[in-house]
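Quick notes on the structure that follows.
The values are calculated or read from the model by the stated rules, or taken from the named source; none is laboratory data. If you're wondering where the values come from, they're calculated on a predicted model, not measured in any experiment. Neighbour counts are summed over all protein chains in view; Cβ atoms, including those assigned to glycine, are modelled from backbone coordinates with ideal geometry. Note: accessible area is taken over every heavy atom of the protein model, side chains too, but ligands, DNA and RNA are not part of it. Shrake-Rupley method; radii C 1.70, N 1.55, O 1.52, S 1.80 Å.
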Amino acid sequence: MKIPLSWLKDYVKFDLSLDEVAHALTMSGNEVENIRSIGNIDKVLVAKVIEINPHPNADKLQLVVVDNGTSKLEVVCGANNLFIGQKVALASIGAKLFNPHSEDSEEVFTLKKSKIRGVVSEGMICSEKELGIGLDHTGILNLDSNTVVGTKIEDIIGDSILEFSLTPNRSDCLGIIGIAREVSAILDAKLKLPETNYISQKQKVNSAISVNIEATDLCDRYMGSIITDVSIKPSPKWLQDRLTAIGERPINNIVDITNYIMFETGQPLHAFDYEKIKNKKIVVRRAKNKEKIISIDNTVRELNSNILVISDSEKSIGIAGVMGGKNSEITSKTNSIFLEAATFDSSNNRKTSKQLNLKSEANLRFEKGLNPQLAEFAIKRAIRMILEICGGESYSGLIDEPKEKIISKKIISVDKNYLSNILGLKLDDFIIENTLTKLGFEVVDNNEKWDITVPYWREDVNIPEDIVEEIARVVGYDIFPSKTISDNLPIWSPTEDLDLKRKITDYLVESGMQEIISYSATNMESESRMDFPKDYPSPVFIRNPISNDFNIMRRSLRESILNCISYNVRSWKDPIAIFELGRIFLETNDDLPKEKIMINGAFAGPRNAIHWERKSNDLFDFFDAKGSVEYVLKKLRIPMKFSKFSDDPTFISGRCAKILSGKNLDIEIGVLGQISNKIISKFGSNIPDIFMFEIDFESLLNIYIDADKYNFYSRFSRHQNSQRDISLIVDDFQEVQEIIDIVNKHNIVSRSEITDIYTGGDIVDGKKVITVRIEYQSFDKTLKASEISIIEKKILLDLKKFIGADLRS
Amino acid sequence: MIEELKNKSLTELESVKSVDSLEQWRVKYLGRKGELTSILRGIGSLPDNERRLIGSQSNSLRGLLEEQYKKIKPTLEKNLTHDSVDITLPGRTRTKGRLHPITSIIREISEAFSDMGFSIVEGNESELEHYNFDLLNIPKDHPARDQWDTIWLDRPNRDDNLLRTHTSPMQARIMENSKPPIRVIIPGKCYRYEATDATHEWHFHQIEGLVVGKNISFSDLKGTLYELARRIFGPSRKVRFRCDFFPFVEPGVDMSIDWKGEWIEILGAGMVHPKVFEGVGYDPNVYSGFAFGMGPERIAMLRYDIEDIRQFFSNDLRFLSQF
């Protein structure tokens, strides 16, 4: 909503600077987003045309002598609306003017001294477009004959346009009077409303037209009047200028006045050509299905029975509250008009605008909800203005349907204690009463409470809380004290899910991984790269995607992780170790999709950042991914086991594992492995091997909640320990875990670690050598070498017996 | 005896390889309590004949040792460079990862509220229209809904599923499932049907807050949010509260901070609307409260002067590795 300062000052006068007023309006809820200054152009003065002579070298140009109050100058001018004695805006050399031929209305040029067809022009007579105050460039700006020569042009045409960002509750502020009323309340200034009285010479209007509201549920009030013998012309300049200043294109005097009144009061009006209304009958009804109308923007609109129309006895002549019909619009031939001021249902109006994909200034106001009483003020004001500007005669009285209106008066009782309790400050009664009165409320003091009558234009004020805001916003939020909450603290309750999330995130970061957050949506084509199994739950589709790239919700974080790696490999030469903890969405029969929290992480590229000492050809592998999983689960005190599997096409079979946990190590909480080359190739070229893990948060959470988190401490022996290595020749496919399990079964073994794995050389094909370092320790005494040897022999026997391992001599 | 000392000291000097050990050697023989010095000091008590001989031998040995010392010292000092490290080479670190900057901001804000007695809750990102709008006093076909352009889900047999446009639906869900007093914040992802550019993203985070109790006032709202602004933006930060409109609060508040001389809105808030209380079965005559919501992306953009909101979800490691 744009408001010229000069227009606002018609209704409220103030001495404060514009910036201060704008700030006060912003603080009280009507945000002034921008103040644009217009017509404030340096080096442009009012001048008088003294002589007009033909240009010696050009038929279409003239040499004009002008007097700017201090000197007489000769300028070249091509306009055809010049006359002797005319007051014009004369720009001298160096003035910054708007380029009238540019598509960009903000483009400025600096006037230079130049020869035009061989004659020096000492300045330029400006059009309104060149001055940036209007769109007309057909001729030069014709100033009022009383304008004093030599006056700076900004004193004549200078203005400021306030651009508001209004909140949707304040339909009243979609009229300039509404904002003026705000100013009057905030600054404690007087509000001056425009006159609405007029003289009507003709008979009763209901003798010349009948109105029937069929759709009574969608139209609370329908008012109308007829004005005959109007002369349709362009509006007077001041009216055109005001509309132009707020970005509206002037059409003709009748249409301009209806628009002007809408911007002034907030009530949309519409004028029909009275002669074109068949049988002088207006029906407010629902459209027929597939009924068509051409709206005044020359577009054929197909209607349906949810849409409210204004119709005559035969056909619809307007889409109620949205746009008029071409068949009844005001033209230069119009002689009599039927003027409409109505109150249409807000939510139906909004639906209509959405269905037709047609927004208008009228619809913008109706959809916010208008009070029926506004129509009366607006139509009277419009008739007065039409009679003044367009001439003609008005019928007496007004059409006002339905006959029986429910005009309710809202009275809100506000307890005085409640007010000070909720605000945290007791305000003076006078301040409260004066603030509300200035805003148009009627306040009656009833001892412990106020009974407050809400003015009709405040559809948004209905409950005591609304009154609280009215007072607080006008006196200013700043005056209320800031306190700490004095109420009881809530009782703590556990949030294990959030604790676990936080821990996992921290531990993954500790293990060297970078957290990422990706888009939660993808599309089928992109997702199909992942080769989900056929029985995987369906995706959740988006009805109105912002683009086709994001038309389904993601069903896995795998794609997000791979996207991130493929995006970064081009520009990032350091290690890529990333993880995401995020939601995936699966279709179900429930009220809402199944949302699962997943944790996916991956490693790709060099293991070490570029460093003077570390090897740069050392690449990440399976055990980096496994190491992070182990680190997290160990820190969480959750038992784990890894087992081979091969039915997930994302991974290279033989290079992936299930992650098992739970008391019996039989609950699958995730997987990890090397991503198959087939999938990697779908994400681009030159992508290194990728090692990914995936953990289902919910499965982990269940185990975490049940886990015995504090039972991990064990006492250690203070007796001397001994370490001995054994090197075993085993089959190539032998898993080391089995060896470790066999070794650890023996009672004086306190620890065992694999220290080397060796193939080749003198080792036969199909075999490998595994070296295990075994630590022996007793709780009772320091072990003798002979005691250790006995156990070592038993271990070797077991290893031979269970896995056929031979000691390497 | 002097000859013995001479052989011993010169042999030892051969094995001296550093300035430190040279110094030790000097102290051992030539120092105040050194072996040679002790002999020289004891000369006075010797018989005359021995005194002259030992005196001259000792003095010539001292001359020799001092000469050797001076000769060897610069060589060893030069050797020192071979022994030292280039302290300008980059150090070695255990590689740690990093949090996403949004996670960091959410944690920072969560901690500020934890200190004020708030607990933290999360909720689903897909939501029912009922919770996202209806229970928050945002009726269907009301222009207030224009503040939240919505991404709707296309689900079999349901047309009321959407991606939450704010974290506010959790207000209603929490109140339905618990009794006052309530002090809670709800961080999480939200979605809007919005064309993206440097300042708009269809996908972002929000931190919602809700306080419900007896006698919660507008001053409590101001105090709590002022405290937050001080914690996040510094104790001397100028803060401004102005009137704004959100259907689920009344009065409505916008909190802006002074950022390089401009007022920047960082938070919307207000006293919980009685219709919201009624919708969840709370008696608005007994309870009052306030709610607020803020965007961690916006806060991060201000603080780190980030030029484009889309950076947060680009997952570009050149961006993420800086936080």
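List of remarks:
- Pairwise inverse Cα distances across region A:631-750, averaged and inverted, put the Kirkwood hydrodynamic radius at 17.7 Å.
- Coarse-grained scattering of region A:722-807 at q = 0.10 Å⁻¹, given as base-10 log I(q)/I(0) from a Debye sum over alpha-carbon atoms: -0.25
- Interface residues in region A:502-526 - accessible area drops by 30 Å² or more relative to the isolated chain, probe 1.4 Å: A:Arg502, A:Val509, A:Glu510, A:Gly512, A:Gln514, A:Glu515, A:Ile517, A:Tyr519, A:Ser520
- Protein heavy-atom accessible surface, 1.4 Å probe, per residue over region B:101-320: 34 Å².
- FRET efficiency, 1/(1 + (r/R0)^6) with R0 41 Å, evaluated for B:Phe319 and A:Thr495 via beta carbons: 0.85
- Of A:Lys615/A:Lys644; A:Lys534/A:Lys682; A:Lys237/A:Lys280; A:Lys380/A:Lys409, those spanning more than 27 Å from alpha-carbon to alpha-carbon: A:Lys615/A:Lys644; A:Lys237/A:Lys280
- Its Cα gyration tensor gives region A:44-157 an equivalent ellipsoid, and the semi-axes of that ellipsoid, as √(5λ) in whole Å with the largest first, are 19, 18, 13.
- Estimated from helical segments only, the mean residue ellipticity of the protein assembly as shown at 222 nm is -9000 deg cm²/dmol, where each DSSP H run of four or more residues counts as -39500 (n - 2.57).
- Degrees between helix A:176-187 axis and first principal axis of chain A (Cα, 0 to 90, nearest 10): 80 degrees
- Beta bridge orientation in chain B: antiparallel %, DSSP, nearest 5: 95 percent
- Three-way shape label, region A:205-401, alpha-carbon gyration tensor, a/c 1.5: rounded
- Paramagnetic label zone (point 7 Å from Cα along Cα-to-C-beta, A:Ser714; backbone N under 14 Å) in region A:749-789: A:749-753, A:775-779
- Reach of B:Lys33 by Cα under 16 Å, taken over aspartates and glutamates that are not fewer than 8 positions away in the same chain: B:Glu23, B:Glu66
- Trypsin sites (Lys or Arg not before Pro) within region B:215-304: DSSP coil, no more than 13 neighbouring Cβ in 10 Å: B:Lys238, B:Lys260
- Average beta carbon contacts from partner chains per residue of A:176-189, 10 Å cutoff: 0
- Between chain A and chain B, the total buried accessible area stands at approximately 7900 Å², from heavy atoms with a 1.4 Å probe.
- For region A:230-315, the set of GluC sites (Glu not before Pro) satisfying both a DSSP loop assignment and a count of at most 12 other C-beta atoms within 10 Å is given as A:Glu314.
- FRET efficiency, A:Asn298 to A:His101 (Cβ-Cβ, R0 30 Å, nearest 0.05): 0.65
- Average beta carbon contacts from partner chains per residue of B:104-116, 10 Å cutoff: 1
- Heavy-atom surface analysis with a 1.4 Å probe gives the protein assembly as shown a carbon and sulfur content of 48 percent of its accessible area.
- Residues of type lysines that A:Lys594 reaches as a straight line, Cα spacing below 17 Å, ignoring anything fewer than 8 places off in the same chain: B:Lys189
- Across q = 0.08 Å⁻¹, chain A modelled as identical point scatterers on its alpha-carbon atoms has Debye log10 I(q)/I(0) values of -0.94, in the order of the q list.
- Alpha-carbon centroids, region A:522-593 and region A:111-165: separation in whole Å: 60 Å
- Whole-number accessible area per residue in Å² for chain A, which is evaluated in the context of all protein chains at 1.4 Å: 48 Å²
- Separation of the A:Asp731 and A:Ile754 label points, Cα + 7 Å toward Cβ, nm: 1.6 nm
- For q = 0.14, 0.27 Å⁻¹, Debye-computed log10 I/I(0) when each Cα of region A:410-479 counts as one equal scatterer: -0.35, -1.48
- Overall form of region A:551-689 per C-alpha gyration tensor (a/c, 1.5; a/b vs b/c): oblate
- Burial annotation for region B:288-323: residues with an accessible-area loss of at least 40 Å² between the isolated chain and the complete set of protein chains, computed on heavy atoms with a 1.4 Å probe, are B:Phe313, B:Asn315, B:Leu317, B:Arg318.
- Of the GluC sites (Glu not before Pro) found in region A:369-450, those in coil by DSSP whose Cβ has at most 16 other Cβ atoms within 10 Å are A:Glu404, A:Glu448.
- Distance violations [Cα-Cα > 21 Å] among A:Lys410/A:Lys438; A:Lys2/A:Lys359; A:Lys368/A:Lys403; A:Lys745/A:Lys793; B:Lys17/B:Lys70; A:Lys501/A:Lys634: A:Lys368/A:Lys403
- The mean number of Cβ atoms from other chains found within 10 Å of a Cβ in peptide B:249-255 is 6, as a whole number.
- Cut-off 19 Å, label 7 Å out along Cα→Cβ of A:Tyr567, residues of region A:593-634 by amide N: A:598-605
- Rounded to 10°, Cα long-axis angle of helix A:429-438 versus longest principal axis of chain A: 60 degrees
- Between the C-alpha center of region A:731-809 and that of region A:318-382 there is a gap of 92 Å.
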